[in-house]
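The values are calculated or read from the model by the stated rules, or taken from the named source; none is laboratory data. Note that the structure is predicted; figures quoted are calculated from it, not measured. When we count neighbours, we look across all protein chains shown, and the Cβ atoms used for this are built from the backbone with ideal geometry, even at glycine.
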Amino acid sequence: MRSKFLLLAVSLASFAPKTYAQLPIVDIGMVPLENGQLEVRLRPDAFFDGLISSMTVTVRRDEASVATVSDFTTASPWEDHINLNFSESITDGGYIYDLYVGFGFSPLFTADLSWEADQEIVMGHFTVDNGPGTFQIVQDCPPNSQGDYFVSLNSEDRTGVVYQISTSTEDRSNDTPGVHISPNPSSGAARLSIDPGNQEQVAVQVLDAAGRMVQQLAIAVGSSNLVLDPNSLPAGSYHIRVNGSTFSRTIPWIVQHQ
């Protein structure tokens, strides 16, 4: 009989989550993609495979702008573990705050999933309608709205910071040069290109996830390409800001190291 209970205990342990020295603090960011979507990313500072108990994300936009965001679409494979649903919109001080709230369904370990320390996780996407516009995930919602960014893991508050503060979608009309980087993500040399060809001096800035400039370069008049070397940068998420006298574009760039 004792051996049967021991066997049962071992069997149940194989389905249990890992024991945590401490639950991770989870930061959040939002970056624009080439297809016009806004990608929401989480960044835990420790391993986790438990229950995402609840999450609140509020996107702020300018009241005077016609640009809006659609319902949130959770990225695979997280859709069986949490979904963010629109709750309400609050207008205050010239801004509109769109609140999204979600609750966990099942622990990550039940699907053999986990978060790794300091690894960005793509949680899902907003689609921008009637763009362009500027959107922010905020932690300064109007009083009594309970809309500040919040995440609970295993029923404990593990809210971090918003590390990508402002996200702008750009006007991509036909007279605005297209800016592209390939490959993206990059583990080696990446080529930044402007289409059509550049007819002016263009300043290029590489910004880290906190918006700090980490590289400053230039594309000469008559040239349409610039090679970027990611080896001098830590792995992570960046933005490339391209400024000319008649246009400005910002695109996301992911640096990976093998």
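Annotations
- Residue in the stretch 74-92 that is assigned to a strand (DSSP E or B), buried (at least 16 other Cβ atoms within 10 Å of the Cβ) and under 17 Å from the mean Cα position of the chain (by Cα) present: yes
- Residue 53 in a strand (DSSP E or B) and modelled with pLDDT of 90 or more: yes
- Subset tally (residues that are more than 21 Å from residue 27 (Cα to Cα) and outside any helix (DSSP H, G or I)) for the stretch 107-131: 6
- Within the stretch 132-152, residues that are in the same structural domain as residue 63 (by TED's automatic domain parsing) and modelled with pLDDT of 85 or more sit with their Cβ atoms under 9 Å from residues that are in a loop (DSSP other than H, G, I, E, B) and among the acidic types (Asp, Glu), at 6+ positions apart or across chains, in these pairs: 148/140.
- Summed over the stretch 100-132, residues that are small (Gly, Ala, Ser) and in contact with a strand residue (DSSP E or B) (Cβ under 6 Å, 6 or more places away or on another chain) total 3.
- Those residues of the stretch 93-107 which are touching a Lys or Arg at 6+ places or on another chain (Cβ under 9 Å), of a type in the set (A, V, I, L, M) and surrounded by 19 or more Cβ atoms within 10 Å (Cβ to Cβ), in sequence order: none
- All positions within the stretch 32-50 that are more than 13 Å from residue 161 (Cα to Cα), in a loop (DSSP other than H, G, I, E, B) and touching a residue at least 60 places away in the same chain (Cβ under 8 Å): 33, 34, 36, 46, 47, 49, 50
- Yes/no for residue 166 being at pLDDT 75 or above, small (Gly, Ala, Ser) and within 16 Å of residue 39 (Cβ to Cβ): no
- Test result for residue 151, crowded, with 20+ Cβ neighbours inside 10 Å and closer than 20 Å to residue 71 by Cβ: yes
- Residues (out of contact with any Leu (no Cβ under 6 Å at 6 or more places or on another chain) and modelled with pLDDT of 90 or more) located in the stretch 58-74: 59, 73, 74
- Scanning the stretch 231-248 for residues that are surrounded by 12 or more Cβ atoms within 10 Å (Cβ to Cβ) and either hydrophobic (A, V, I, L, M, F, W, C) or within 21 Å of residue 41 (Cα to Cα) (or both) turns up 233, 235, 236, 237, 238, 239, 240, 241, 242, 247.
- Unique match (being of a type in the set (A, V, I, L, M) and either modelled with pLDDT of 80 or more or in the same structural domain as residue 58 (by TED's automatic domain parsing) (or both)) among 189, 210: 189
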